[in-house]
Amino acid sequence: EKGEFRHFMLKEIYEQPRVMQAVLEGRTASGRLLEQAFGSEAGAIFDQVKQVQIVACGTSYHAGMVAKYWIEELVGIPCMVEVASEFRYRPVVLPEGTLLLTLSQSGETADTLAALREVKDRVLATLAICNVPGSSLVRESDLCLMTNAGPEIGVASTKAFTSQLVALMLTTLALGRRHGLSDETETELVAALEQLPGLLQQLLALDGPIEQMSAHFAEKHHALFLGRNVLYPVAMEGALKLKEISYIHAEAYPAGELKHGPLALVDKEMPVVAVAPRNGMLDKLKANLQEVKARGGELFVFAGCEESVQSEPGMQVIHLPAQPSILDPIAFTLPLQLLSYHVAVLKGTDVDQPRNLAKSVTVE
Ligand code: F6R
């Protein structure tokens, strides 16, 4: 039931602090990952993994794209990510030692299941990160890690995505142990994950300012989302949320691609949303933002800390609370979920049941 909330989507956004707790529950102890969380055979399999192939659709695909950055940075092994509808229909090369990692909220997505069935006999092992116990994906995979987010009713995926990200960080830790990730770093990362419930609770306090910001989008027909590095897939997820529930055409670009084409679209009718953390990429992103402003584009920035960027004419900034940078993809997602939600409410769309879409895509 929706309880005090107007829509399931809003309820599910607000459930995220609790969901973060649920996905971590029983998976860590004394600052370390408990590998049994993946099942009793997981350790022997993880020992042999030489690369990871991630396959998923939609929002789950975006979670997979975030994991590529994490796995290549923290584990140091190759990680490929592909949408299932492409992967299943081409002769893919799967080097020895490939772990096939499928991501799915429902565990019943036709293309993801077909991709799994297509290659399961040609890979070292299959791991499903999934939210529905007993789903086809879980039953047909060698290993699984449940996201424990509880039923997701809104068609637009919210808490399932952030819980997938936590599950993917746990997977990164399991693989990292075997490739030189130190105990100290693991403990640091687990400590960061344990801050998530509190952090997401703080982020929900941005709901008011984000609702005000949403008024600038309701009359527009297009929007651009920019991010770099691990926040590029987060920008993609922000754009997908806006299109599916508000029907505003939105596209995401890695900020560095702006001048390779999309800058031609920018004028005062094209709001640009940027996610700007405080890492080394910030200065580059700032230069990109100036390019947008110079063309009359209105900027809406979600920034990692007070010092990074300030509001000025043509640029509204919402600052996120300080947090360990490894949590950036999760932290920056929640405000973008709220933004698309409020824009959709202003436009009067059917938020929980957007036109033409089904919660579970069981046919291709
Ligand atoms: C977007 C959305 C879809 C799903 C996609 C995959 O909000 O919900 O893009 O993410 O259909 O679904 P699952 O994760 O169930 O495989």
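Values in this text are rule-based calculations from the coordinates and carry no lab data. Just so we're clear, the structure is a prediction, and the values are computed from it rather than from any experiment. Don't worry about glycine lacking a Cβ; one is built from the backbone with ideal geometry, like all the others, and counts go over all protein chains shown.
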Task: Equivalent ellipsoid dimensions for the stretch 17-160 as semi-axes, Å, which come from the Cα gyration tensor, largest first - done: 22, 20, 14
Task: Cα-based convex hull, the stretch 20-92, per residue volume (Å³, whole number) - done: 130 Å³
TODO: Taking only the C-alpha atoms, wrap a convex hull around the stretch 184-245 and report its volume per residue in Å³ as a whole number.
DONE: 114 Å³
Task: Relative contact order computed over the stretch 269-364 (Cα-Cα under 8 Å; 6+ residues apart), in percent - done: 22 percent
Open item on the list: Tell me the Rg and the Dmax, in Å, that the Cα atoms of the stretch 303-364 produce.
Closed with: 16.4, 48
- [ ] Mind pulling up the Rg/Rh value for the stretch 125-235? Radius of gyration and Kirkwood radius, both on Cα.
- [x] 1.03
Open item on the list: Explain nothing, just the number: relative contact order of the chain, from Cα pairs under 8 Å at least 6 residues apart, as a whole percent.
Closed with: 20 percent
- [ ] For Val81, list long-range residues whose amide hydrogen, built 1.01 Å from N in the peptide plane, is under 5 Å from its own amide hydrogen.
- [x] Ile54
- [ ] Just subtract the alpha-carbon distance of Glu118 and Arg139 from 0.36 nm times their residue separation and send over the number in nm, one decimal.
- [x] 6.0 nm
Open item on the list: How large is the translational diffusion coefficient of the chain in µm² per second when you combine the Kirkwood radius over alpha carbon pairs with Stokes-Einstein at 20 °C and 1.002 mPa s?
Closed with: 104 µm²/s
Task: the stretch 220-283: relative contact order as a whole-number percent, Cα under 8 Å and 6+ apart - done: 46 percent
- [ ] Give the peptides 93-103, 309-319, 121-131 in descending order of average Cβ contacts within 10 Å, highest first.
- [x] 121-131, 93-103, 309-319
- [ ] Please report, in cubic angstrom per residue, the volume enclosed by the convex hull of the alpha-carbon atoms of the stretch 214-364.
- [x] 122 Å³
Open item on the list: Only bridges whose two residues both fall in the chain count here: according to DSSP, what percent of them are antiparallel, nearest 5?
Closed with: 5 percent
- [ ] Please list the non-local residues whose amide H lies under 5 Å from the amide H of Ala252, H modeled 1.01 Å from N, same-chain partners needing a gap of 5 or more.
- [x] Phe225
TODO: For Lys284, list the lysines whose Cα falls under 25 Å from its own Cα; do not include residues on the same chain fewer than 8 positions away.
DONE: Lys68, Lys259, Lys268, Lys293
Task: Separation in nanometres of the label points that stand 7 Å from Cα toward Cβ, at Glu96 and Ser311 - done: 6.0 nm
